[in-house]
Amino acid sequence: MINIEDYNYKLPDDKIAKFPLEKRDMSKLLYKPGYKIEERRFVDLPELLPENSLLLFNETKVVNARLVFKKSTGASVEIFCLEPVEPEVDIQLAYQCSSPVTWKCLVGNAKRWKSGILEKEFEIDNRKVILFAEKLKKLSEGYLIKFSWSENKITFSEIISHSGMIPIPPYLKREAVEVDKTRYQTIYAENEGSVAAPTAGLHFTEDIISRLKSKNIKTDQVTLHVGAGTFKPVVSENIANHEMHAEKIVVGLSTLEQLYDNISENIIPVGTTSMRTLESLYWIALKLKSGDTGFVVDQWDPYEIESEGFTSADALLLLINYMRSNDLTEIKGETRLMIAPGYEFKFVSGLITNFHQPRSTLLLLVSAMIGESWRDVYNYALSHNFRFLSYGDSCLFLK
């Protein structure tokens with residue numbers, strides 16, 4: 001079994017990037033092809049990737065999930081929207097709902113909100129709107145909160161867009177500022193639903209994407225909506241006792257077809273979220289083969305389900321044929337996939353990612369990809385003034 005303390009390292013606070021660089025693509029890039037380690041710039045990426053590679057982006061969009069209400073006493077209560085409950089559980093559809101809606105939320109300063117309905121007044125297109133929050137029920141983690149608002153034709157997406165704040169990571173130890181509205185968002189963000197950015201994608205610019213195309217490097221997209229659980233530390237000594245958070249994934253038929261057409265090429269996810277989505281497809285397909293149409297991947301499926309003789313090409317073809325025969329344009333599922341040392345990758349031949357927190361499941365994923373050399377990589381980065389975590393620098397690992 002894996003002891004999480006073996007994936008610990010000392011991360012000084014001054015190594016954590018508190019703000020983004022002025023230019024997205026001028027971050028450092030730790031380039032590791034095989035056993036070598038080189039320091040480059042992210043702007044060099046198109047020249048470093050093998051020709052005919054397929055990059056897979058996560059096009060989820062971070063929402064203004066933090067809502068701060070002021071009580072008449074002057075106390076502030078912060079409500080952090082996690083996932084929809086009523087009238088719609090599909091996260092993308094839930095943002096298009098009108099008043100009222102019920103969400104599972106975290107509540108900051110909950111002791112100051114024993115009862116009553118909170119109110120927040122703001123404007124949308126020069127119209128005054130009042131948002132109401134009512135605490136319905138305490139859950140094991142968080143609360144059920146009912147939101148309603150005075151203008152019924154307005155969607156919940158518009159409500160939080162105008163009244164909420166972007167949920168920057170807690171380890172930045174600061175309040176969100178104007179620059180975070182654009183920089184804590186990838187340039188290709190499309191589908192609302194995340195409370196944390198897929199940070200490996202923050203370095204991409206239109207210029208880099210254009211240069212990728214000119215080099216015949218293909219791109220495609222999936223969606224994994226990043227939940228607050230991404231910041232959940234591994235507190236158990238052994239990872240067998242750590243419960244992975246569930247996250248919603250969406251993958252289109254055209255993406256599966258492109259993956260199948262490029263199965264023998266270099267498939268490189270942009271970020272750990274894209275990697276977990278991509279690898280989850282194999283386990284969804286294997287479960288579908290045995291009649292399970294739930295499209296749910298549990299964290300230990302790869303270590304408990306027999307998969308011998310079932311190739312990655314088999315998995316993609318099974319999913320493609322299933323979708324065609326059922327007139328589906330996309331698969332919507334849920335993954336708790338734990339990628340840890342010992343995991344056998346089904347699709348990927350590389351990874352673009354940032355530097356991750358000590359004792360985290362993301363660091364376990366990196367170790368599964370590059371082995372024990374993760375320590376050499378992180379020691380090199382720390383000694384060469386790389387910037388860490390969400391707004392920090394990046395890595396390109398190639399097998």
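Just one of the listed residues (Ser210, Ser150, Ser194) is within 25 Å of Thr272 (Cα to Cα), in contact with a strand residue (DSSP E or B) (Cβ under 6 Å, 6 or more places away or on another chain) and among the small types (Gly, Ala, Ser), and it is Ser194. Residue count for region 197-224 satisfying the condition of being surrounded by 24 or more Cβ atoms within 10 Å (Cβ to Cβ) and part of a loop (DSSP other than H, G, I, E, B): 2.
Which is of a type in the set (Ser, Thr, Tyr), touching a strand residue (DSSP E or B) at 6+ places or on another chain (Cβ under 7 Å) and assigned by TED's automatic domain parsing to the domain that holds Ser290, of Ser312, Ser349, Ser325, Ser360? Even if it seems obvious, please write down each step before you answer.
Details: Ser312 fails: touching a strand residue (DSSP E or B) at 6+ places or on another chain (Cβ under 7 Å); Ser325 fails: touching a strand residue (DSSP E or B) at 6+ places or on another chain (Cβ under 7 Å); Ser360 fails: touching a strand residue (DSSP E or B) at 6+ places or on another chain (Cβ under 7 Å).
Just one listed residue meets the conditions, Ser349.
Looking at His384, is it surrounded by 22 or more Cβ atoms within 10 Å (Cβ to Cβ) and either polar (S, T, N, Q) or closer than 25 Å to Pro46 by Cα (or both)?
no
When region 26-83 is filtered for residues that are among the β-branched types (Val, Ile, Thr) and surrounded by fewer than 19 Cβ atoms within 10 Å (Cβ to Cβ), the ones remaining, listed by number, are Ile37, Val43, Val68, Thr73. Close contacts from region 1-27, counting a first residue that is in the same structural domain as Ser360 (by TED's automatic domain parsing) and of a type in the set (Asp, Glu) and a second that is modelled with pLDDT of 95 or more and part of a loop (DSSP other than H, G, I, E, B), with Cβ to Cβ under 6 Å and a gap of 6+ residues or different chains, come to Asp25/Thr205. Looking only at region 232-244, residues that are within 17 Å of the chain's Cα centre (by Cα) and crowded, with 17+ Cβ neighbours inside 10 Å come to 1 in all. Taking the condition of being buried (at least 16 other Cβ atoms within 10 Å of the Cβ) and closer than 24 Å to Val226 by Cα, how many residues in region 298-315 meet it? Within region 298-315, residues that are buried (at least 16 other Cβ atoms within 10 Å of the Cβ) and closer than 24 Å to Val226 by Cα number 4. Considered as a group, the residues in region 144-155 that are in contact with a Leu (Cβ under 9 Å, 6 or more places away or on another chain) and among the aliphatic types (A, V, I, L, M) include one that is surrounded by the most Cβ atoms within 10 Å (Cβ to Cβ), and that residue is Ile145.
Looking only at residues in region 156-186 that are among the β-branched types (Val, Ile, Thr) and surrounded by 15 or more Cβ atoms within 10 Å (Cβ to Cβ), the one that is farthest from Val101 (Cα to Cα) is Thr186.
Just one of Pro20, Pro84, Pro33 is within 22 Å of the chain's Cα centre (by Cα), closer than 28 Å to Gly201 by Cα and modelled with pLDDT under 95; which is it? Answer to the check: Pro84.
Per this entry, Thr273 is counted among residues that are out of contact with any Gly (no Cβ under 6 Å at 6 or more places or on another chain), within 27 Å of Val62 (Cα to Cα) and either in contact (Cβ under 8 Å) with a residue 12 or more places away in the chain or not in a helix (DSSP H, G or I) (or both).
Highlighted here are the strands (runs of 3 or more DSSP E) found entirely within region 54-128 that include at least 1 residues which are among the polar types (S, T, N, Q): 54-58, 60-62, 76-86, 101-108.
Filtering region 14-44 to residues that are in contact with a Lys or Arg (Cβ under 7 Å, 6 or more places away or on another chain) and closer than 14 Å to Asp376 by Cα leaves Tyr31, Glu39. Within region 171-196, the only residue that satisfies the criterion of being part of a helix (DSSP H, G or I) and either polar (S, T, N, Q) or without any contact (Cβ under 8 Å) to a residue 12 or more places away in the chain (or both) is Thr182.
To keep it simple, each residue is scored yes or no on (1) farther than 23 Å from Leu365 by Cα; (2) among the β-branched types (Val, Ile, Thr).
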| residue | (1), (2) |
| --- | --- |
| Ser194 | no, no |
| Leu224 | no, no |
| Ser254 | yes, no |
| Ile267 | no, yes |
| Ser274 | no, no |
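Within this structure, Val85 fails the test of being touching an Asp or Glu at 6+ places or on another chain (Cβ under 9 Å) and farther than 25 Å from Ala368 by Cα.
One residue stands out in region 276-291 among those that are in contact (Cβ under 8 Å) with a residue 60 or more places away in the chain and not basic (Lys, Arg): the one that is surrounded by the most Cβ atoms within 10 Å (Cβ to Cβ), namely Thr277. Glu5 meets all of the listed conditions (1) surrounded by fewer than 14 Cβ atoms within 10 Å (Cβ to Cβ); (2) among the acidic types (Asp, Glu); (3) not in a helix (DSSP H, G or I) but one, namely (3). May I ask you to list the residues in region 86-118 that are exposed (fewer than 15 other Cβ atoms within 10 Å of the Cβ) and among the acidic types (Asp, Glu)? Glu86, Asp90, listed by residue number. Based on what the data block shows, is Leu365 touching a residue at least 60 places away in the same chain (Cβ under 8 Å), assigned to a loop (DSSP other than H, G, I, E, B) and touching a Ser or Thr at 6+ places or on another chain (Cβ under 7 Å)? Here the answer is no, as Leu365 does not meet what is asked.
The values are calculated or read from the model by the stated rules, or taken from the named source; none is laboratory data. Please read all numbers here as calculations on a predicted model, not as lab measurements. A quick note on method: Cβ atoms are made from the backbone with ideal geometry, for glycine too, and the neighbour counts reach across all protein chains shown.
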